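The values are calculated or read from the model by the stated rules, or taken from the named source; none is laboratory data. It should be emphasised that the depicted structure is a prediction, and the values quoted were computed from it without experimental measurement. Please note: Cβ atoms are built from the backbone with ideal geometry, for glycine as well, and neighbour counts cover all protein chains shown. All accessible areas refer to the heavy atoms of the entire protein, side chains included, with ligands and DNA or RNA removed. Shrake-Rupley method; radii C 1.70, N 1.55, O 1.52, S 1.80 Å.
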Amino acid sequence: MLETVTQVGDLTETEFRATLRAFLSEHNPGPEPSDPDARLSFQRSWASCLHDHGWAAPSWPRRWGGMELPIDKLVPYYEELALARVPGHPSPNAFIVGPTILACGTDWQRQRFLLPIVRGEELWCQGFSEPEAGSDLPSLRTRAERDGDFYLVNGQKLWTSRAMVADWMFALVRTGGPASRQRGLTYLLIDLETPGVTVRPLRDMTGGAYFGEVFLDNVRVPVAQRLGEENDGWRMARTSLGHERSTSRIAMVVRYRRVVAELVDLARHRGLADDPVVRQRLADAVISSRLLGMTFERIMANVLRGGEPGPASSVSRLFLATFEQRLHELAIDLLGPAGMLDASDPHSPESGRWTWGFLNTRASTIGAGTAEIQRNTIAERVLRLPR
Ligand SMILES: Cc1cc2nc3c(=O)[nH]c(=O)nc-3n(C[C@H](O)[C@H](O)[C@H](O)COP(=O)(O)OP(=O)(O)OC[C@H]3O[C@@H](n4cnc5c(N)ncnc54)[C@H](O)[C@@H]3O)c2cc1C
């Protein structure tokens, strides 16, 4: 199968979609289990299945387990996966650290880390934020002191998504002086099984423990696990994440088209589809989902033309975050008092999915950079307004 798939880059788009669709309909494992542990194993075996059949990591080199797919096939790839509703990768963060290792790592690091990432065998979390350093990341204080072939790391990371299930953490640590800001940061790959690492779950407002805090107490990290040079971590963290990140957003466009259709069904089901205010808000949801798709097409056009996603990329992130909040606010209004019931209540509509989504999307305008910071970025870097 692998041999066949290595040729798929040469197919026409129609042939490519048909080949991928045939694979997906033969191997689609069906809906994900709701139990978190079962879901994780389910996602892991799907990641291995994709790799076994040569359909994993579309833009990565074949040598490191990817498909080396040309850029014009990336959108069809993500679109078909989203339409087939196959499981996601068990470790989305792995696709932040993976391209960074590809671009800046040593051959040993590529050999050691990339294949387990592609196959979902090792899960990663991102250790950047700290109690006193979120938006102002260059002020972070977790310290790494060189001790022969090791760094001795002390400090605390916070809001670390999936830290409880992760095997590894990619972290920014301070190796320069206390006032060195971004010039004194180093990028380390830390095995979370190392003595001195403690992970504690943090409960979020959905009732789940999606993220945690990670304490590092005299943790010995081999120098071989440093990515790039000492004090060059900021550049590593900002290394282009590749086209894959922007193109993979197509999956979100497809998903939100579906969610908007489900929201219209919800309005009909609640007998509110003729209410003029509800109709107005539904129309806004439909228009917004189309705008999201069109913004995405602009990003792709930029990538194909000049190699970079361009300003539309910053705008689309902010737009997506506020859009998913508005969708769930409408769903909760449609549900009325029933919107107060979560999954634990047998009377909750659709097993509490809208209530969960409403609570969960509160974080959309905080995680991966707050909406205020994104607006600053758009104002200063895109619109060139004064600071
Ligand atoms: C769901 C979720 C998942 C996350 N996952 C991770 C993860 O895996 N790894 C990780 O390292 N971090 C993670 N984070 C942390 C996230 O990156 C930070 O919460 C975020 O960067 C904001 O930092 P902070 O919480 O310290 O808030 P602060 O930076 O203290 O900001 C507080 C408020 O002040 C505003 N503000 C701050 N500076 C400015 C400014 N210059 N101009 C205007 N307004 C400003 C902010 O917008 C915000 O409203 C996650 C957060 C969430 C919600």
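Among strands (runs of 3 or more DSSP E) lying entirely in region 132-187, which contain 1 or more residues that are loosely packed, with under 15 Cβ neighbours inside 10 Å?
Numbers: elements: 143-147, 150-161, 168-174.
Hits in region 132-187: 143-147.
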Selection over region 118-131 where residues are open to solvent by less than 10 Å² (accessible area, probe 1.4 Å) and either more than 30 Å from residue 87 (Cα to Cα) or more than 16 Å from the ligand (Cβ to nearest atom) (or both) yields a count of 2
Search region 252-278 for residues that are under 29 Å from residue 317 (Cβ atoms) and open to solvent by less than 50 Å² (accessible area, probe 1.4 Å) and pair each with any residue that is assigned to a helix (DSSP H, G or I) and among the aromatic types (Phe, Trp, Tyr) when their beta-carbon atoms are under 7 Å apart and the residues are at least 6 apart or on different chains. 253/296
Within region 354-372, considering residues that are loosely packed, with under 15 Cβ neighbours inside 10 Å and in a helix (DSSP H, G or I), the one farthest from the ligand (Cβ to nearest atom): 362
Could you please let me know if residue 173 is within 21 Å of residue 112 (Cβ to Cβ) and more than 15 Å from the ligand (Cβ to nearest atom)? no
Which listed residue, of 61, 87, is closer than 20 Å to residue 249 by Cα and either out of contact with any Cys (no Cβ under 6 Å at 6 or more places or on another chain) or surrounded by 14 or more Cβ atoms within 10 Å (Cβ to Cβ) (or both): 87
Check whether at least one residue in region 143-156 is modelled with pLDDT of 95 or more and within 19 Å of the chain's Cα centre (by Cα), and report yes or no. no
Name the residues in region 84-101 that are in contact (Cβ under 8 Å) with a residue 60 or more places away in the chain, out of contact with any Gly (no Cβ under 6 Å at 6 or more places or on another chain) and in a helix (DSSP H, G or I), would you? 84, 95, 96, 97, 100, 101
Selection count where residues are open to solvent by less than 40 Å² (accessible area, probe 1.4 Å) and touching an Asp or Glu at 6+ places or on another chain (Cβ under 7 Å), scope region 19-42: 2
If you scan region 188-205, which residues turn out to be surrounded by fewer than 16 Cβ atoms within 10 Å (Cβ to Cβ) and within 21 Å of the chain's Cα centre (by Cα)? 191, 201, 202, 203, 204, 205
